[in-house]
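Worksheet for the structure shown next.
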Ligand SMILES: C[S@@+](CC[C@H](N)C(=O)[O-])C[C@H]1O[C@@H](n2cnc3c(N)ncnc32)[C@H](O)[C@@H]1O
């Protein structure tokens, strides 16, 4: 049953739910996320939350608070304040975050702000983009015999944050998934090569994972900048590892209508 209260009558703050929206497709929301969206009075949502999700909470006020690389962003402190303010006026507030809230989602800052303000809160997990991409490609990230470890990493750092040696953990893992990396393909390739990863290591760019516009561009690490030229501006992951051999084995056909192997294209040209 929805907890509802008008701003005027609500005596104590409401509850804020940090909800994972999954990688984009509305039917990849969890049942709990669906229920909470149906109860929400306000939804503060990220830039990567798909428009299809609006229909899950037509009764709610939707407030964009998205941050997207290279685009104007809402400062995190302002988002934190908006969350706290929303809880003071509404019983059920959903903070809808792309993928899973706890992976590269600044959830900790938001949780800390809610805790400091004495606002009740809860985290609802979602499907992270890495799992959407693995499903979309039909490639297990931990195929037996090829991969016993997966590293989720991002080379991105926030404004004012010190740089970090992002490539080092990549060299130690069997499978690597890089978030927020596809726009700097040459630098990513160079960093991974310098970390000791061979140029022949299979790599794939997965754009718009789980969405109708999903595209997979596969090749070798050496090719990464060329692969990245095919991206159309949607969110994308870089996946690296021998598990991607499975893509070649199925001709890249599994759920990858727009699969392109750059070597093949070049040979055909
Ligand atoms: C700020 S991070 C948020 C990650 C999110 N919390 C998650 O668990 O997926 C945003 C990055 O996730 C990746 N991403 C999100 N949705 C995606 C999708 N549908 N397909 C491919 N990559 C996606 C992209 O690398 C994008 O730059």
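Under 8 Å between Cβ atoms, at least 6 apart or on separate chains: pull out the pairs that start in the range 113-133 with a residue that is at positive phi and end on any residue that is more than 16 Å from the ligand (Cβ to nearest atom). From the range 113-133, the pairs are 118/13.
Of all positions in the range 223-246, none carries a residue that is out of contact with any strand residue (DSSP E or B) (no Cβ under 6 Å at 6 or more places or on another chain), at pLDDT 95 or above and either in a strand (DSSP E or B) or not assigned by TED's automatic domain parsing to the domain that holds residue 150 (or both). Using the structure shown, decide if residue 196 is in a helix (DSSP H, G or I), modelled with pLDDT of 95 or more and more than 17 Å from residue 141 (Cβ to Cβ). For residue 196, the condition - in a helix (DSSP H, G or I), modelled with pLDDT of 95 or more and more than 17 Å from residue 141 (Cβ to Cβ) - is not met.
Among residues of the range 82-109 that are in contact (Cβ under 8 Å) with a residue 60 or more places away in the chain and within 10 Å of residue 44 (Cβ to Cβ), those with a Cβ under 8 angstrom from a residue that is assigned to a strand (DSSP E or B) and within 11 Å of the ligand (Cβ to nearest atom), sequence gap 6+ or separate chain, pair up as 95/18; 97/18; 97/20.
Condition check ((1) touching a helix residue (DSSP H, G or I) at 6+ places or on another chain (Cβ under 6 Å); (2) outside the structural domain of residue 242 (by TED's automatic domain parsing); (3) more than 16 Å from the ligand (Cβ to nearest atom)) across all residues:
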{"site": "147", "(1), (2), (3)": "yes, no, yes"}
{"site": "155", "(1), (2), (3)": "no, no, no"}
{"site": "160", "(1), (2), (3)": "no, no, yes"}
{"site": "175", "(1), (2), (3)": "yes, no, no"}
{"site": "190", "(1), (2), (3)": "no, no, yes"}
{"site": "193", "(1), (2), (3)": "no, no, yes"}
{"site": "198", "(1), (2), (3)": "no, no, yes"}
{"site": "203", "(1), (2), (3)": "yes, no, no"}
{"site": "206", "(1), (2), (3)": "yes, no, no"}
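Scanning the range 208-219 for residues that are part of a strand (DSSP E or B) and surrounded by fewer than 23 Cβ atoms within 10 Å (Cβ to Cβ) returns 215, 219. Residues considered: 201, 189. Of these, the only one that is touching a residue at least 40 places away in the same chain (Cβ under 8 Å) and farther than 24 Å from residue 101 by Cβ is 201.
The values are calculated or read from the model by the stated rules, or taken from the named source; none is laboratory data. Small disclaimer: the values here were computed from a predicted structure and weren't measured. No Cβ is skipped: glycine too gets one built from the backbone with ideal geometry, and neighbour counts run over all protein chains shown.
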